Structure formats: C-alpha cells, structure tokens
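Asks: Before I ask anything, here is the structure I am working with.
The values are calculated or read from the model by the stated rules, or taken from the named source; none is laboratory data. Since we're looking at a predicted model, the values are computed, not measured. Here Cβ is always computed from backbone atoms with ideal geometry, including for glycine, and neighbour counts include all displayed protein chains.
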Amino acid sequence: MAYFVTGGTGFIGRRLVARLAERDVVYVLVREGSRARFESLRAAAGQDPARVVAVSGDLAAAALGVAPAELVALEGHISHIYHLAALYDITAAGPESEAANVAGTAHALDFAARVGCECFHHVSSIAAAGLYPGTFHEGMFDEATGLEHPYFRTKHEGEARVRAERRFPWRIYRPGMVVGDSTSGAIDKIDGPYFFFKLLQKLRGGWPNWLPLVGLEGGWVHLVPVDFVVRALEYLSQLPGHDGQCFHLTDPRPRRLGEVLNVFAKAAHAPQATIRIDPKLLEHVPPELAEAVVRFEPVRRVVEELLDGLAVPREALAFINYPTRFDCERTTALLTPAGIRVPPLEDYAWRLWDYWERQLDPDLSLDRSLGGAVRDKVVLITGGSSGIGRASAIRVAEAGGTVLLVARDAARLEEVRELVAARGGAVKCYACDLTDAAASAALVERVLAEHGRVDILINNAGRSIRRGIREAYDRFHDYERLIQLNYFAGVRLTLALLPSMVGRGSGHVINVSSIGVLASPPRFSAYVASKAALEAFTRCAAAEFTDAGVAFTVINMPLVRTPMIAPTRIYEQMPTISPEEAADLVAEAVIHRPQRLATRLGLFAQWVQLLAPKLSELVMGTAFRMFPESPPAAGTPVPPPHAQATPEAVIFASLMRGVHW
C-alpha cells in the first residue's frame, strides 16, 4: 500500500516524503506550476522517480483536481493520506486563508473518500485553539476562544471538517511554531521567532554591554524544530490503535517569550534582557487607557516605524502575550519509547541563528556597498579641495557616483578633478564661497540646470578655531566667521536643494559635525557651538521630512589630520584619524543612512555628559589646564617644529583619540 501527501514540496512535507519513501511508494500532489520545483527537490534528494511520484492536481479544486483516470488508478492503493497543504501565514487575508485551510481540507477529505484510504492524517496547528486562556489539552477543541484572526479561525474550521468525517478513520496533529532543523538550522522562510531576529541583531550592534536591557516576559512560546515534527508525525501515524485522536507536537517544557529571546540573544552574542516585565502588570492598565494610547497618532506612527524597520508584521504582536499552554503528556509518553523528543532550545538555537544570519537575513539581499548607494546618483560635496572632502570625493567617484565638488580654491579643485579622472571617476568642480548668499544661490541654480538634481548633499565645508574664551573677549568676529560657514552655509545649501528632493520623493542630506558636540572640549566654544547649531537643524529637519523620503544624517567626526588643524602644532604629537578614515565614515553614512554616526568614544562622552555632568566637567577642566593655548591663539609667534607636548598630554590624548584638545 502506498502513501499520498499534500503539501509535499513544503518545508515539513518534503522531509516527511523522504522518510515515507523509505517505507513504500509516495504519491505527492503537485500543481502544474510547481512541477519544476518538485522535480528539482526530488533530484536534489536523490529519490527514485518510481518511488516518489507526482500527481497533478490543485488544492482549490474538488477532489484536489486529480484527473478521473488518475483517481481510478489510485483507488484501493492508498493506505495513508497526509494532508499538510495549507496556508501557514498570519498576514494572509481572510478569503485566502479560507480557501486554503477550510475549502482545501474539504477537498482533501473528498479525495480520501474517492480513493478509499485507510486513515487520513490532518496536520493542523496550535492556532486551532485560538487565544485560549490557560492549558489546552489534546482532547479539547470546542473550548477554543479568540478565533477572530483569520489564521486562527480557518485552522479551527479546517480541523472541524476532519472531526466531522465519518467515511474513514482520521488523526489530527497540532505542531507548535515550527522552526529550523535542530541539526542544520535550515528553514525556508522568516516566521514566528525569526521576526525578532533583526531586533537582536540591531541590539548586538548598538546596545552598550554595560547598560542593562529591559524586556518583556511576554506570553507562552511553543517552538519545535522541523526534524522533531517529521519524526513524531511519521511514528504516530504508524502506531496502531489511535484513530480519532489528536496529538500535540509541542515542547513539554513551554517557555515565556522573554526567556526564548534571551536564549537567541545569547546565541547571537547580543545583549540579554536582565530585567523582564511581567505581562500581568499590564493587566492593571485600564483597557480604555491602553486603547487610547495605542490609537494616539504619535504612538501609532512610532510603533509602525519600529515594526517596518525590523520587518516585523503587525500580526506578530498577537503572539507577544500569547495566553495558551499546550498539554502534550499523552503524546510525549507515546514518543518516549522511540527516543523521539524535543531537544532543548539551548542546544540548537545557535544553529537557527547562524542559518538565518547567513541565508535569510533580509539585509543580505540589499547592496550594502558604496557602489550600490551612489551608482547613477549625483553627490554634491562641499569643502572638496582637501582633507575629508577630497578623500570622500575620490571614494564616491571610484564607486560610480557623479561627484559635484565645491570649494573656494578653483586651482586646488582642478587638482582633485584630475586625480579622480585619472582613476576613471566623474567629478565636476564648482568654485564658490558658500558664505556668500548670492554665490550659493547661483551655485544651486547652475547645478540643477546642468544635472537636474542632487541625490546626496554632503555639507562638509567648515573651519575651526582653537582659542580659549579668555583670549576671545574682544574677538566676537571669530564666532561670526564660524557660524557663517559651519552653520549658515550648510543650511542655506540644504534649503535650496530640499524642494527638488521633496519633489522627487527621495534625497539624503549628510551634515559633517564634530565629536566636540558630544564631548564639549574646552577652547572650542565657537566651533562646537556652530556645529551644535547644525546638528539641531538636522534633527528638526529629519522630523519634518521623514514622510517626504528625504533622510538626514549627522556625522560626529573625530579629529582628522587635515590642513584645518595644521596651525595647532601640538596636534603633530597627538593621535588623529586620516582623511581616508574619515571618508570611510562618510561612505558608511551614505550606505546606511543613519540618523547619527559617531565613534564609540563620542557616544561614551555623550553618555557621561548626560549621566554624570560634573564628572564630564572635571575631565574637560583637567584637559583645559593640561593642554596649553596655541601660540597663534595667544598672539605669540608659532613655535619651532620640534616643540613637544608633555608626556601627560600625549597619554591623555591617546586615551581619548579623536577628541579636539
């Protein structure tokens, strides 16, 4: 006697087919459109075509759409039918789920009656219990509650069709959330706990290890690896004397969501939640208040943005406080003699994570190269004749972007153009004093006329003055000079280009700020204030244009060895980053479009300022006394090239590499 399987090319189905084929001939229902996939899977598994046979049909058709002649040929030859074909998708619409999970099951039952099977094995789901509050036993069915969601409702109704069947024996199996193979981690798609993997990945990359993480304890999560489900299903289906019964293929040791996420966080080397909020605490919140908060427009938009950024469907939120536990004591007792058990999640979580990150992470399909971000794009870079701008122009041009380079010195711009052209890049140079409003307006008019658009604007042009406030009592013009270039020039250029970006629904503005805004070092009050103003503008603009498709990024650039810092001779003994390293940060900003890009030291300095402002002030005050005023700032001649910083100052600067002192 042979077997017949629906859903035999699916994640569970093809593994079940492989095991059944070791026993006897297996017929697999295959839609014509899936014939090539079936043949490919069969060949990859090395299966004998005479042992694994395709039967043309369709779940949506009566008697599965199997041709009459084929029905006659199969009649009396099928011992077991395994009905796995269904729509396992919590995001699917009601009619779609109804067609697959209810009507499809009815068609499979009619087919079973036509061919005269000995037993019909229906693979249902724990979703058939709905959102039952408490422990759901294997003998329970009508007690299911909370079936409003299409997936829950149709899985329940599909199982009801099987339970009402009187033409032949049947058995029902309710797997939990099926995850990848416990030995290889392999899985077909992102579902269930995988929805939260992107969150863990982001936490791993951005959450400080020393900062405690607060999470939710959440509801019950019932995970089972696919290899356990297949072994259990095959074994139980062949066990005599259990017709008309239901089997829970779940872990006898259920876990809360918080515990599960911590297990995967450990596997991912991500921070674990040290504090988990018990969902019972939320029960004390009045329902009216909770509903009002959820519907509050700012809250709703924030939640939607977070879910979109993490690629988490809204429907997955229904499982955060999942209230149902599943008793599987009887099934566990039947499986134990055969040595079939659910392995501990800790033993295979790392395999699931590793497979997801290497094979299924949505970011793998994105071109995260600089070329992918700037190819066929127009990139305008200010301050492009030297330093950061020059190095960034070379990187962007070599990656395939069209670079528009702006600076005051036409001769030095031409040198950069010739250098990039020799490497095969495309650069157009524009000599312009960006502190001149009329010249800036003429620049934008010319650029838009010649190129039609600017896709990425990098406001890099700037100047710095290292001078203590005591030496600046009568030098208010220092503050005016810096604000004109470091703030007004960038804002003016941004305002002029924003209308065309908004009109296209896309654009990216990158404002190069300073680590000084995060650390507030002494002697840089004019410079830091001008850059802080640019940052404040950037944050406000980002909020206003988030719906217009225009992104804004701030780069808190550490100290870079450029001509701008050359007058401060003490920096010759201080650790800095090179223009090429700075260009790496610019490239990262172009590729990933973060709201802020800063070094770990910069972020640490910001945290210290927020959490221990007096300590931050003490450190900066010490630095103020340790590093002398530069001779130009003090009005004295420039020291000879061999002037040396004190050993203490060098050590201090080395510990805080990149901060302006």
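Asks: Would you pick out the residues in segment 76-89 that are surrounded by fewer than 18 Cβ atoms within 10 Å (Cβ to Cβ), in a loop (DSSP other than H, G, I, E, B) and in contact (Cβ under 8 Å) with a residue 60 or more places away in the chain?
Replies: If the condition is that a residue be surrounded by fewer than 18 Cβ atoms within 10 Å (Cβ to Cβ), in a loop (DSSP other than H, G, I, E, B) and in contact (Cβ under 8 Å) with a residue 60 or more places away in the chain, then 77, 89 are the ones that fit.
Asks: Go through segment 116-153 and give me each residue that's modelled with pLDDT of 95 or more, over 22 Å from residue 327 (Cα atoms) and crowded, with 23+ Cβ neighbours inside 10 Å.
Replies: If the condition is that a residue be modelled with pLDDT of 95 or more, over 22 Å from residue 327 (Cα atoms) and crowded, with 23+ Cβ neighbours inside 10 Å, then 120 is the only one that fits.
Asks: Looking only at segment 504-529, which residues are out of contact with any Asp or Glu (no Cβ under 6 Å at 6 or more places or on another chain), farther than 28 Å from residue 396 by Cβ and of a type in the set (Gly, Ala, Ser)?
Replies: 519, 520, 525, 529
Asks: Moving on. Specify the residue that is farthest from the chain's Cα centre (by Cα); the eligible residues are those in segment 39-65 that are closer than 19 Å to residue 1 by Cα and outside any strand (DSSP E or B).
Replies: Of everything passing the filter in segment 39-65, 50 is farthest from the chain's Cα centre (by Cα).
Asks: Condition test on residue 229, is it touching a helix residue (DSSP H, G or I) at 6+ places or on another chain (Cβ under 9 Å), among the β-branched types (Val, Ile, Thr) and either at negative phi or at pLDDT below 95 (or both)?
Replies: yes
Asks: With 36, 73 as the choices, which residue is surrounded by fewer than 18 Cβ atoms within 10 Å (Cβ to Cβ) and under 40 Å from the mean Cα position of the chain (by Cα)?
Replies: Of 36, 73, the one residue that is surrounded by fewer than 18 Cβ atoms within 10 Å (Cβ to Cβ) and under 40 Å from the mean Cα position of the chain (by Cα) is 36.
Asks: Confirm whether residue 106 is small (Gly, Ala, Ser) and within 26 Å of residue 191 (Cβ to Cβ).
Replies: Yes: the conditions hold for residue 106.
Residues are listed down the side, and each one gets a yes or a no for (1) in contact with a helix residue (DSSP H, G or I) (Cβ under 7 Å, 6 or more places away or on another chain); (2) not hydroxyl-bearing (Ser, Thr, Tyr):
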| position | (1), (2) |
| --- | --- |
| 88 | no, no |
| 99 | no, yes |
| 104 | no, yes |
| 110 | yes, yes |
| 122 | yes, yes |
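Asks: From the residues in segment 332-379 that are of a type in the set (S, T, N, Q) and under 19 Å from residue 227 (Cβ atoms), which one is modelled with the lowest pLDDT?
Replies: Result: 359.
Asks: Output the residues belonging to segment 166-191 that are out of contact with any Phe, Trp or Tyr (no Cβ under 7 Å at 6 or more places or on another chain), within 26 Å of residue 235 (Cβ to Cβ) and free of Cβ contacts under 8 Å to residues at least 60 places away in the same chain.
Replies: 167, 177
Asks: If the requirement is being crowded, with 16+ Cβ neighbours inside 10 Å, in a helix (DSSP H, G or I) and modelled with pLDDT of 85 or more, which of these qualifies: 551, 536, 623, 542?
Replies: Residue meeting the stated conditions: 542.
Asks: With a cut-off of at least 1 residues that are assigned by TED's automatic domain parsing to the domain that holds residue 487, name the strands (runs of 3 or more DSSP E) lying wholly within segment 320-439.
Replies: Strands (runs of 3 or more DSSP E) meeting the threshold: 378-382, 402-407, 426-431.
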